[in-house]
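A.B. asks: Sending over a structure as structure tokens; questions will come in a sec.
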Amino acid sequence: MTKMARKAKKAKKDAPHSLKPARLSPGDVLRVGAAGLRARRTRVVLSALGIAIGIATMVAVVGLSQSSKSDLMAKLDRLGTNLLTAEAGKDATGNDVPLPKSAVAMVERIGPVRHATATGNVDARIRRSDVVPEERTAGVTTQAARTDLLSALNARVGTGRWLDGVSERLPVTVLGSVAADRLGVTAPGEKIMMGDEYVVVIGILEPVELVPTLDRVAMVGFPAAEKYFGFDGHPSMIFERSPDHTVEDVREVLARTVSPGDEGSVKVSRPSDALAAKAATDEGLTALMLGLGAVALLVGGVGVANTMVISVLERRAEIGLRRALGATKGAIRLQFLTESLLLSALGGATGALLGAAATYAFALARHWTPVVPPWSLTAGFAATLVIGMVAGLYPAVRAARLHPTVALNVT
């Protein structure tokens with residue numbers, strides 16, 4: 001190595017180290033960002049409230065939708081989806097076509113069918129007493145019912161008892177839940193008018209979820225309906241249950257089995273389809289409500305952006321002083337971006353808690369099992385961070401572009 005090279009190496013070694021801009025640690029960044037929020041608490045609360053409302057709406061909508069769906073699925077599991085009904089209809093000329101008296105026995109001969117029963121329409125007006133005009137029936141009709149009807153429908157008696165082998169031959173009735181309310185009957189043992197006969201109420205059913213039309217009827221046994229009210233013995237609706245995997249096969253042959261040669265007059269349906277359709281309707285409503293929540297969240301994001309822009313304008317002197325003391329543009333950007341993220345995170349966390357609380361309160365009030373999917377809380381909080389970043393980006397860039405001399409020249 002030459003003498004000149006050694007001197008150059010020594011001079012380089014003895015030279016002072018070059019200065020590098022200071023870097024803020026993550027803890028320092030959070031403290032600086034939080035300091036700006038603490039100085040303007042009222043504005044922060046109002047801005048965070050917009051974010052909180054949007055997130056609370058979205059979390060509550062998802063939670064209530066899932067709670068309702070869970071309750072509906074539990075009902076379907078309890079009630080079963082393997083119930084089919086065959087109802088008497090009309091012929092081509094519009095006349096009623098009664099089902100054969102042997103319809104239940106014919107349905108029971110279908111291989112997969114495990115249980116079949118029936119009800120029949122009875123022409124007997126229902127009144128509370130003989131002093132009530134005949135035309136005021138309170139919207140309650142009379143039907144004949146077989147004693148095995150409840151077991152086929154998985155229905156239950158609320159108070160009193162159901163028809164049995166003895167009571168089905170006597171002038172007694174079991175009321176649906178709505179029928180009892182409309183007639184003002186609160187307990188078994190009371191009498192009502194059925195046609196021109198007084199009958200004794202021996203039971204009141206709980207709501208029949210699969211066949212809600214039965215909630216509005218007064219039921220008597222087939223033999224009693226024929227003896228006291230001129231019932232012709234023809235069923236108006238057949239109910240049958242079969243294994244789940246055979247339901248569609250039974251459905252294809254049920255109409256022609258019930259009414260051979262006139263299957264077009266028989267209407268076959270699956271009551272559980274109505275509950276499934278309700279679930280689909282709820283999903284559409286949930287999508288609509290999520291859209292409204294997203295709009296509220298967007299409005300909250302605009303509020304955050306507005307708050308941050310005003311904060312930059314008010315703190316020009318602070319920005320200029322920090323720049324004069326050596327803060328880089330990146331440090332200024334990071335400071336205001338952190339403030340925006342903290343503000344949005346505050347609103348998001350509050351909204352998630354409010355949405356979960358609202359879901360639990362409403363679900364318990366409706367006797368549902370509360371369900372708040374974890375992904376809804378995570379997605380809601382993540383959305384607030386995205387909103388905070390987008391809302392704070394422009395104010396942060398604007399603050400970083402302020403020249404120290406211009407920022408300190410505050411009149």
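The values are calculated or read from the model by the stated rules, or taken from the named source; none is laboratory data. Keep in mind it's a predicted model, so treat the numbers as computed, not measured. Every residue, glycine among them, receives a Cβ derived from its backbone with ideal geometry; neighbour counts consider all protein chains shown. Note: accessible area is taken over every heavy atom of the protein model, side chains too, but ligands, DNA and RNA are not part of it. Shrake-Rupley method; radii C 1.70, N 1.55, O 1.52, S 1.80 Å.
A.B. asks: Just to check I understand the Karplus step: with θ = phi - 60° and J = 6.51 cos²θ - 1.76 cosθ + 1.60, what whole-Hz values come out for the range 140-148, glycine and proline as x?
C.D. replies: 10, 10, 10, 9, 7, 9, 7, 5, 9
A.B. asks: Hey, what do the phi angles of the range 259-264 turn into as Karplus ³J(HN,Hα) couplings, whole Hz, using 6.51/-1.76/1.60 and θ = phi - 60°, x for Gly and Pro?
C.D. replies: After applying 6.51 cos²θ - 1.76 cosθ + 1.60, I find 9, x, x, 9, 5, x Hz.
A.B. asks: With each pseudo-label sitting 7 Å past Cα toward Cβ, what's the VAL132-TYR198 distance in nm, one decimal?
C.D. replies: Here the modelled spin labels are 1.5 nm apart.
A.B. asks: Related question: Provide the gained length on full extension for the span VAL166 to ASP262, in nm with one decimal, where the gain is 0.36 nm per separating residue minus the Cα-Cα distance.
C.D. replies: 31.0 nm
A.B. asks: For the pair ASN306/HIS115, report the inter-label distance in nm, with labels modelled 7 Å from Cα in the Cβ direction.
C.D. replies: 6.1
A.B. asks: While we're on this one: Probe radius 1.4 Å, ligands and nucleic acids ignored: give me the carbon and sulfur share of the accessible area of the range 315-358 as a rounded percent.
C.D. replies: Carbon with sulfur: 71 percent of the solvent-accessible area.
A.B. asks: If you consider only alpha-carbon coordinates, what radius of gyration and Dmax does the range 115-273 have, in Å?
C.D. replies: 16.1, 53
A.B. asks: Still on this model: Determine, from the Cβ-Cβ distance of LEU46 and THR81 and an R0 of 30 Å, the FRET efficiency 1/(1 + (r/R0)^6), rounded to the nearest 0.05.
C.D. replies: Numbers: r = 50 Å, r/R0 = 1.68.
Rounded to the nearest 0.05, the efficiency is 0.05.
A.B. asks: Going by amide H atoms built from the backbone, whose H comes under 5 Å of the H on THR142, apart from near neighbours?
C.D. replies: Under 5 Å from the amide H of THR142: VAL122, ALA124, ALA218.
A.B. asks: Enumerate the amide H contacts of PHE231 below 5 Å, restricted to partners 5 or more residues apart or on another chain; note that Pro and chain-start residues carry no placed amide H.
C.D. replies: GLU226
A.B. asks: To continue, here is another question. Which of the peptides 316-323, 368-375 is most tightly packed, and how do the rest follow, going by the mean number of other Cβ atoms within 10 Å of each residue? Don't jump to the answer; show the numbers that get you there.
C.D. replies: Details: 316-323: 18.2, 368-375: 14.9.
Sorting 316-323, 368-375 by mean packing, highest first, produces 316-323, 368-375.
A.B. asks: Based on alpha-carbon atoms only, what is the radius of gyration of the range 316-394 relative to the globular estimate 2.2 N^0.38 Å?
C.D. replies: Ratio of Cα Rg to 2.2 N^0.38 Å: 1.62.
A.B. asks: State the percentage of accessible surface on the range 37-172 attributable to carbon and sulfur atoms; use a 1.4 Å probe and exclude ligands, DNA and RNA.
C.D. replies: 51
A.B. asks: Mean shadow of the range 107-207, computed from the convex hull of its alpha carbons, in nm²?
C.D. replies: So the Cα hull casts an average projection of 6.9 nm².
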